[in-house]
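Read through the structure below, which is laid out as structure tokens, and then see the notes.
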Amino acid sequence: MASHTIGETSLSDSGPSNHHHHHHVPYAAALHGMNTHTSFINQEGSAFDFGELEEAIVLHGVKIRNDEAKAPLFTAAGRPAATLEMFPSWPMRFQQTPRGSSKSGGESTDSGSALNTLSSKAETQLEPESPISKKASSSDHQAFEQDQLRLQHQQQVEMSNDTSRTGPSQNQSAAKQPQEKRKGAGSTSDKPQDAKTLRRLAQNREAARKSRLRKKAYVQQLESSRIKLTQLEQELQRARSQGLFLGGCSATAGNISSAAAMFDMEYARWLEDDLRHMSELRAGLNAHLSDGDLRIIVDGYISHYDEIFRLKGVAAKSDVLHLTTGMWTTAAERCFLWMGGFKPSDLIKMLISQLDPLTEQQVMGIYSLQHSSQQAEEALSQGLEQLQQSLIETIAGGPAIDGMQQMVVALGKLANLEGFVRQADNLRQQTLHRLRHILTVRQAARCFLVIGEYYGRLRALSSLWASRPRETVICDQENSCQTTTDLQMVQSSQHHHHFANY
Amino acid sequence: MQYQTADSWGFYVPMRSRNMEDPLERVAKLASESAVVIFTLSGCCMCHAVKRLFCGMGVNPTVYELDHDPRGKEIERALMRLLGSSSAVPAVFIGGKLIGSMDRVMASHINGSLVPLLKEAGALWL
């Protein structure tokens, strides 16, 4: 039979190689659509109506996405919508099938014989008004349909095994009953009346099934996304431990050393601790704790800062450039970066206005502290300048310098940077300790709270800056675009919690 | 800014039997001859920073560059022992007493003890 042959052809298409399916347009679009739908319907093995069709398409789409293999059968523009439009008339066409088919339906209603159940259900729909039915009302179609269903049975069983759907089978069995009942009712004489009722019922069922299936598809998507997420996290973990660069912070997309990555992580943890310390300070001040109790909290905050200087010292040994380039901190903080951290005299300048009231002696002490830290900063800056000058001379090279030797010397000079960052951190630490010494316990508590809040605001400013609406976002190079976005994401994820205070 | 160069040291040394002197003794002797004495190496940038710090405060330190001394290596080793660190320079003496390296100098400046020391040694006049 011609139709049979063609059915087989398209069947094989709609089977394993779904992506070829749309290339074959056997007869009318209706037939093509029919082929499509029947495969889904068989997949479901439940009532052959609008709802089943819909759910089959949705699930098939989900499965295809999961497989990432083939384009769904209905990727042609507007095809799904078009096929959906056809659904209302779909069952009706089958109602015109000869009575003979119903017998076969009756025989095989026992177990999961989706094939026959389908055809039986199809038969029990009673609606003579289908436009499609007018086109394809030949028994040939019916037979062809059944052959197709049979041949597709294997495929369906496979597919239904892949995506474990207990729901549909339940629907199947649930729907079976009314269908069965209606089978008998369908053969009564008042067809128009029953047809309308049945149609309404069928559409209700469709709607219910549609929403159930959508929900299921969504859940399946969530599950697969979750799996993907855990996989990505594992990759990230692995790559981090290998010291690779991920979600980078540099437009040159260079590698971040493992020491730097480790420091970044420790710093993030330190920032969280900072928030905790600050809330302790705040609570301590508000609760008007005794000086003794407050002293403990204040000393705890000093130790907290001692800790970060210690961590920076460790990091400076392995990757001082990570510290001096400020890649461990936010963009706004980087504006004010001095030798891998904050400038002590700037901090004191900021504090002077915030620390009132102070005794005259305290004021003298603070100003003297500012002055001496300025002198120390100046000295260190000049020392660094000399280092830079020396490095420039080495890298520029003389007339008779051996390349390798030149590099070795340059490396040696660059290593001196560690010493400067260490001294700068030392200066910062000394300044904070001196502040603690000059101020009373309560003043010190307030002072450190001010410091913490100040840097918190600076970090928040950085996040806001990174996420402000801009016109030029896309640039030519994909890499730099991606890293810019990643930088924003990394920064906002790192510092979003600073918004908690505002 | 003035500071004595290796020349003056070289000039000083022949008057004694330098080979007999213990490096530590030499260090002590040199340190006591000026209010502020700094031992450096010519290429050392941190030494430059320390020098700039004192000069910025109005102090004229006496600087000895160990790489220009024939027995500089010994002195370096002695200083390393004194400082308890792997780097001998910069080594700062004020009033004949060892203060330490850059970190100690800065710490003492921040906590306000450096200026009195300098005044005491006669390196600063208010």
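Where a number appears in this text, it was derived from the coordinates with a stated rule and is not lab data. Bear in mind that the values here come from a model prediction, so they are computed numbers and not experimental data. Here Cβ is always computed from backbone atoms with ideal geometry, including for glycine, and neighbour counts include all displayed protein chains.
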Among A:Lys343/B:Lys97; B:Lys51/B:Lys97; B:Lys97/B:Lys119, the pairs whose Cα-Cα distance exceeds 19 Å are A:Lys343/B:Lys97
Across peptide A:389-396, how many C-beta atoms of other chains are within 10 Å of each residue C-beta, on average? 1
Given the convex hull over the Cα atoms of segment A:306-349, what projected area results after averaging over all orientations, in nm²? 3.2
So if we plug the beta-carbon distance of A:His288 and A:Glu233 into 1/(1 + (r/R0)^6) with R0 = 30 Å, what FRET efficiency do we get, rounded to 0.05? 0.10
Go through segment A:303-313 residue by residue and turn each phi into a ³J(HN,Hα) via Karplus (6.51, -1.76, 1.60, θ = phi - 60°); whole Hz please, and just put x for glycine and proline. 4, 4, 6, 4, 5, 5, 5, 5, 4, 5, x
